[in-house]
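**Q** This structure is in C-alpha cells; I'll ask about it shortly.
The values are calculated or read from the model by the stated rules, or taken from the named source; none is laboratory data. What you see is a predicted model; the values in this text were computed from it and never measured. Backbone-built Cβ (ideal geometry, glycine too); neighbour counts: all protein chains shown. Calculation scope for accessible area: heavy atoms of the full protein, side chains included, ligands and nucleic acids excluded. Shrake-Rupley method; radii C 1.70, N 1.55, O 1.52, S 1.80 Å.
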Amino acid sequence: MTVTERSGITVRDLTMEYVSGDYVVRPLDNLSLEAGDGELVVLLGPSGSGKTTLLSVLAGILTPTSGTVGVCGRNPSKLSPDELNDYRRATVGIVFQGFNLIASLSARENAAVPLRLSGMRGAAVRRRADELLAQVNLADRAGHRPGRMSGGQQQRVAIARALALNPPVLLADEPTAHLDHVQVEGVITLLRRLAEPGRTVLVSTHDDRMIPLADRVIELAPRISEDTGPAEELTLAKGDVLFEQGSRGGRVYYVEAGRMEILRVQADGTEEHLIYVEPPAYFGEMGPMLGLPRSATARAVTKSVLTSYSVRDFRHRAGADERARGSGG
C-alpha cells in the first residue's frame, strides 16, 4: 500500500535531541519511514531506541529537532494550539503503555471520555461507547471498573477509547508490555483487525511476536551484524578519532602501544575526559556486546597501535588473560 497526501504517515530525516543531565541524547537520528493506509506497521526496538519518542512526535506531544512529519497530510509540529487539539481528537488515537484508564469509571465511561470532551451528550454517548466495547469484544464488561478486569481487558478498553472518534491513525505504545501470553494473543489479533482501509495502525514494541502479522516492520535500532573478521592491527596518529559517541560498531580494541583517551561530548559541545587507556588494556567492548551505540568517543593522545577483535575473539582473549592471571603466568 502507498502513502498519499491524505492517508497514512510519512517521516523524513527526523531527528530528536534533548539534554539529559550534561549530555545530549539523540533517540532519533535522521529517521525516515512510511506507513500506508490500511497497514499495520510495527516499530521494533529495545528500550531507549526512540519508539515512544517517535509516537509522541506523531501525536503532536513533542516537537522534533529537525525533519518533517506528515500524518494524513498534516504536520503536527506546524499546527496552532487550536488546530493541534483538533488534530489529537480527530486524526490520531493513542493507546498508552500503562492503559491510563480512570479507576473510578466503568469500561463504558472510560470509552466515553473522548466523546464527552468532543461535545457529545445524552444517549448518543452511551450508544457509541457500547459500540466501541462491542468492537473490542468487551460488551459484557461495560459496567466493570478497571480493577475488576484483566490486563488484556483493560488494554482493549484503552483501544476502544482511542477509537472513540474514529481516527484514521491509531498509535499504540508497547500494547503488550504488561500482558501475559494468554492476553497478548487477543490484543495482537485486535490490532491486526483494526488495520483496514481508512485506518493506519502504528505499534511500538520490543515483542517480536507481532512481526508475523505486520505489513511492515521498522527496526529503530538495527541489529549490528556479528563481526567475525580476524584480528587486525591498527595504527593511529596523534589526534585520530577511532570511533565517535553515538556510533555503532562490532569491534573491541586492545592497546598494544601508545595512549588512547575516552571522552564524552557534553550538551554545550565541551568534552569531558573519562579515562586514559594504555597497554596492556582494552576498551570499546560494551557497545558491541550489548548492541548499543558507543557511549563515548575514543581518540589517540599519542601515536598508538591497537589490535581490533570481534566480540567472539575478544571473549576468548579476555578469558585466556584471566586464566593466566589466576595461574600466576
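**Q** Which whole-number percent gives the relative contact order of the chain, counting Cα pairs below 8 Å spaced six or more residues apart?
**A** Across the chain, relative contact order equals 18 percent.
**Q** Calculated FRET efficiency, Arg248 and Arg89, Cβ-Cβ r, R0 56 Å, to nearest 0.05?
**A** Efficiency, rounded to the nearest 0.05: 0.90.
**Q** Around Leu54, with a cut-off of 15 angstrom between Cβ atoms, what is the net charge of the other residues, counting Lys and Arg +1 and Asp and Glu -1?
**A** On the way: positive: Arg12, Arg26, Lys51, Arg216; negative: Asp13, Glu17, Asp29, Glu34, Asp173, Glu174, Glu219.
Charge balance near Leu54 sits at -3.
**Q** Let me ask something else. So for His144, His273, what's the accessible-area order with a 1.4 Å probe, most first? Please list the in-between numbers first.
**A** Numbers: His144 40, His273 80 Å².
Order by accessible area, largest first: His273, His144.
**Q** Can I ask one more? What relative contact order, as a whole-number percentage, does the stretch 179-304 give when Cα pairs under 8 Å and 6 or more residues apart are counted? Walk me through the intermediate numbers first.
**A** On the way: 182 pairs, mean separation 35.1, N = 126.
About 28 percent, as a whole number.
**Q** Give me the tail of P(r) for the stretch 55-136 as a percent: Cα-Cα pairs with distance above 14 Å.
**A** Working: 2270 of 3321 pairs.
When all Cα pairs of the stretch 55-136 are counted, 68 percent exceed 14 Å.
**Q** Further question on the same structure: Keeping all protein chains in position, work out how much accessible area Glu131 exposes to a 1.4 Å probe, and write it in Å² to the nearest 10.
**A** 100 Å²
**Q** Run the dipole for the chain about the Cα centre, Lys and Arg Cβ at +1, Asp and Glu Cβ at -1, nothing else charged, and hand back the magnitude in debye, nearest 20.
**A** On the way: 38 positive and 40 negative charges, 269 e Å.
The dipole magnitude comes to about 1300 debye.
**Q** Counting only heavy atoms of the protein chains, get the accessible area per residue of the chain (1.4 Å probe) and round it to a whole Å² value.
**A** Details: 16370 Å² over 329 residues.
Averaged over the residues of the chain, the accessible area is 50 Å².
**Q** What is the sum of charges, Lys and Arg at +1 and Asp and Glu at -1, for the other residues whose Cβ falls under 12 Å from the Cβ of Gly152? Kindly include the intermediate steps, with their values, before the conclusion.
**A** Working: positive: Arg141, Arg156; negative: Asp180, Glu185.
Once positives and negatives cancel, what remains is 0.
**Q** What does the extension gain come out to for Ile61 and Ser20, with contour length at 0.36 nm per residue minus their alpha carbon separation? Present the calculation step by step, with values, prior to reporting the outcome.
**A** On the way: separation 41, 0.36 × 41 = 14.76 nm, distance 1.84 nm.
Answer, rounded to one decimal: 12.9 nm.
**Q** For Lys78 and Arg148 in one chain, what is 0.36 nm times their gap in residues minus the Cα-Cα distance, to one decimal in nm?
**A** Values: separation 70, 0.36 × 70 = 25.20 nm, distance 4.18 nm.
Length gained, Lys78 through Arg148: 21.0 nm.
**Q** Here's a follow-up. Reachable lysines from Lys238, Cα under 23 Å, same-chain residues fewer than 8 places away excluded?
**A** The reachable lysines, counting only those whose Cα sits under 23 Å from Lys238, are Lys303.
**Q** Additional query: Once phi is turned into θ = phi - 60°, what whole-Hz ³J(HN,Hα) does the Karplus curve with 6.51, -1.76 and 1.60 give for every residue of the stretch 36-47, x standing for Gly and Pro?
**A** x, 4, x, 8, 9, 10, 9, 8, 10, x, x, 4
**Q** Over the stretch 1-119, what percent of the accessible surface lies on carbon and sulfur atoms, probe 1.4 Å?
**A** Numbers: 2730 of 5590 Å².
Answer for the stretch 1-119: carbon and sulfur cover 49 percent of the accessible area.
**Q** Here's something else I'd like to know. Quote the accessible area belonging to Asp215 in square angstrom, nearest 10, computed with a 1.4 Å probe and with ligands, DNA and RNA left uncounted.
**A** 80 Å²
**Q** Restricting attention to the stretch 260-305, which trypsin sites (Lys or Arg not before Pro) occupy a DSSP loop and are surrounded by at most 15 other Cβ atoms within 10 Å?
**A** Details: sites: Arg264, Arg294, Arg299, Lys303; in loops: Arg294, Lys303.
Those that pass, being in a loop and sparsely packed, are Lys303.
**Q** Can you give me the relative contact order of the stretch 11-63 as a percent, contacts being Cα pairs under 8 Å and 6 or more apart?
**A** Details: 52 pairs, mean separation 15.1, N = 53.
Once normalised by length, the contact order is 28 percent.
**Q** Still on this structure, I have one more. Is it possible to state the helix-based mean residue ellipticity at 222 nm for the chain, with each DSSP H run of 4+ residues giving -39500 (n - 2.57), the sum divided by total residues, to the nearest 500 deg cm²/dmol? What is it? Mind showing how you got there, number by number?
**A** Details: 8 runs with 90 residues, N = 329.
Calculated from helices alone, the mean residue ellipticity at 222 nm is -8500 deg cm²/dmol.
**Q** By how many nm would the segment from Asp215 to Thr270 grow when fully extended, if each residue of separation counts as 0.36 nm and the alpha-carbon distance is taken off? Walk me through the intermediate numbers first.
**A** Values: separation 55, 0.36 × 55 = 19.80 nm, distance 4.41 nm.
Answer, rounded to one decimal: 15.4 nm.
**Q** Further, regarding this structure: Hey, what angle do you get for helix 81-90 against the long axis of the chain, alpha-carbon based, 0 to 90 degrees rounded to 10?
**A** Its long axis makes an angle of about 70 degrees.
**Q** For a label point 7 Å from the Cα of Ala257 along Cα→C-beta, name the residues of the stretch 293-317 whose backbone N is under 12 Å from it.
**A** Of the residues in the stretch 293-317, 303-306 have backbone N under 12 Å from the label point off Ala257.
**Q** Compare the peptides 17-30, 147-160 by average per-residue count of other Cβ atoms within 10 angstrom and give them in order, highest first.
**A** Working: 17-30: 14.1, 147-160: 21.4.
Descending packing order for the listed peptides: 147-160, 17-30.
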